[in-house]
1. Under a 10 Å cutoff between Cα atoms, tell me which one of Val74, Val35, Val87 has the largest fluctuation in the Gaussian network model of the chain.
2. So, in the chain, how many Lys pairs have Cα atoms under 20 Å apart, if the pair is 8 or more places apart or on different chains?
3. Looking at the chain as a GNM with Cα springs under 10 Å, which of Glu29, Glu96, Glu116 has the largest mean-square fluctuation?
4. In the set (1) 17.2, 57; (2) 18.9, 62; (3) 14.6, 47, which value of Rg and Dmax of the Cα atoms in Å was calculated from the structure you see?
5. In what order do Leu5, Leu121, Leu54 fall by count of nearby beta-carbon atoms within 10 Å, going from fewest to most?
6. Relative to the longest principal Cα axis of the chain, at what angle does helix 118-137 sit, 0 to 90 degrees, rounded to 10?
7. Once you have the Cα-Cα distance between Phe20 and Leu135, take 0.36 nm times their residue separation minus that, and quote the gain in nm to one decimal.
8. Whole Å is fine, so just give me how far the alpha carbon centre of the range 53-129 lies from that of the range 1-42.
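Readers should treat all values here as calculations from the given coordinates under stated rules, not as data from a laboratory. Computed from a predicted model, the values in this text were never measured in an experiment. Reconstructed Cβ throughout: ideal geometry from the backbone, glycine too, with neighbour counts over all protein chains shown.
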Amino acid sequence: MKKVLFSLVIIIAGLLIAGFIWVQSNREELHNAYVKGQSIGAERGAQMCMDWTLEKSKHCSSINISCMAESQLVLSGCLQSAEDSAVVCMPVPSSEESDATGWVANICQMQANGSESCPQLMSKFLMECDKVRNLEQAGIQ
């Protein structure tokens with residue numbers, strides 16, 4: 001039992017170290033993705049954030065960590081900088097609601113032709129909309 005637990009701790013530590021190294025070596029690309037999202041949101045609005053995410057999901061494998069990280073950062077920057085995020089997020093359910101999973105499945109089936117990365121990216125969209133609503137309620141946005 002102790003050997004299994006020790007092995008598990010070693011594996012988790014290795015994954016954490018590998019993740020840290022990956023983030024450090026891709027820091028500039030990740031920052032650029034966020035800035036790209038801010039530019040898209042500021043220039044084209046929040047609907048473009050959703051459209052961009054749906055389009056990206058068609059070309060981004062869910063096991064491609066770089067593509068998924070870039071996509072999620074673009075989405076974050078986009079919704080945070082778009083002036084109309086609250087309007088676009090209004091009909092989007094909270095990530096805490098019971099119908100959130102159904103909403104994601106429906107959007108992915110209708111808009112992204114069932115791409116494998118769409119559920120992850122649209123779940124991120126739900127969480128970003130939660131942030132937008134929280135900022136709106138706090139009177140910050």
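1. Residue with maximal mean-square fluctuation among Val74, Val35, Val87: Val87.
2. Details: Lys36/Lys56; Lys36/Lys58; Lys36/Lys124; Lys36/Lys131; Lys56/Lys124; Lys58/Lys124.
Pairs that pass both the separation and distance tests number 6.
3. Largest GNM mean-square fluctuation: Glu96.
4. Entry (1).
5. On the way: Leu5 9, Leu121 27, Leu54 20.
So the residues, fewest neighbours to most, are Leu5, Leu54, Leu121.
6. That works out to roughly 60 degrees.
7. Numbers: separation 115, 0.36 × 115 = 41.40 nm, distance 2.97 nm.
This chain segment gains 38.4 nm when fully extended.
8. Taking the Cα centre of the range 1-42 as reference, the centre of the range 53-129 is 20 Å away.
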